[in-house]
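K.L.:
Handing you a structure now.
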Amino acid sequence: MAHVKCPQCGGYVSRSVEACPGCGYFLPGHRILKRLIVLLVLATVLTLAIVIVTSLWRPAVGFFGDIAAHDAKLEHRVSQMEDQKQRAEKEAKDERPDLELDRIRNRGR
């Protein structure tokens with residue numbers, strides 16, 4: 001185990017103790033470090049608990065809501081757009097023979 005030198009009496013003290021056994025000098029930083037580690041562990045456990053409870057509570061809902069419903073709406077909109085495109089192409093195709101007939105008729109004049 002590592003030892004540090006006591007700033008007051010000069011004796012060597014284990015890093016695991018909070019005070020020098022020879023003179024009783026409080027070694028700074030040991031309590032703060034232990035408290036910081038305990039707080040980090042508690043924060044990690046709390047975060048994991050929140051994530052687990054949240055995922056079990058609403059498993060079918062994605063980050064932006066119900067993904068299946070969103071996909072269904074998107075597919076419906078795409079099919080509507082494809083239908084509109086097909087109708088427009090059909091109308092354009094139906095109008096072309098009339099235009100060709102008019103051109104042919106106007107050439108003879």
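K.L.:
Does at least one position in the range 53-74 carry a residue that is modelled with pLDDT under 70, in a helix (DSSP H, G or I), basic (Lys, Arg) and out of contact with any Ser or Thr (no Cβ under 8 Å at 6 or more places or on another chain)?
P.N.:
No - not one qualifying residue is present in the range 53-74.
K.L.:
Still on this structure, please answer the following. Does Val45 fit the bill of being at pLDDT 90 or above and not acidic (Asp, Glu)?
P.N.:
On the way: at pLDDT 90 or above: yes; not acidic (Asp, Glu): yes.
Yes.
K.L.:
Which numbered condition trips up Cys23, out of (1) outside any helix (DSSP H, G or I); (2) within 27 Å of the chain's Cα centre (by Cα); (3) modelled with pLDDT of 85 or more?
P.N.:
With (1) outside any helix (DSSP H, G or I); (2) within 27 Å of the chain's Cα centre (by Cα); (3) modelled with pLDDT of 85 or more applied to Cys23, the lone miss is (2).
The values are calculated or read from the model by the stated rules, or taken from the named source; none is laboratory data. Computed from a prediction, not measured in an experiment: that's the story for all the values here. In this analysis, Cβ positions are derived from the backbone assuming ideal geometry, glycine residues included, and neighbour counts consider all displayed protein chains.
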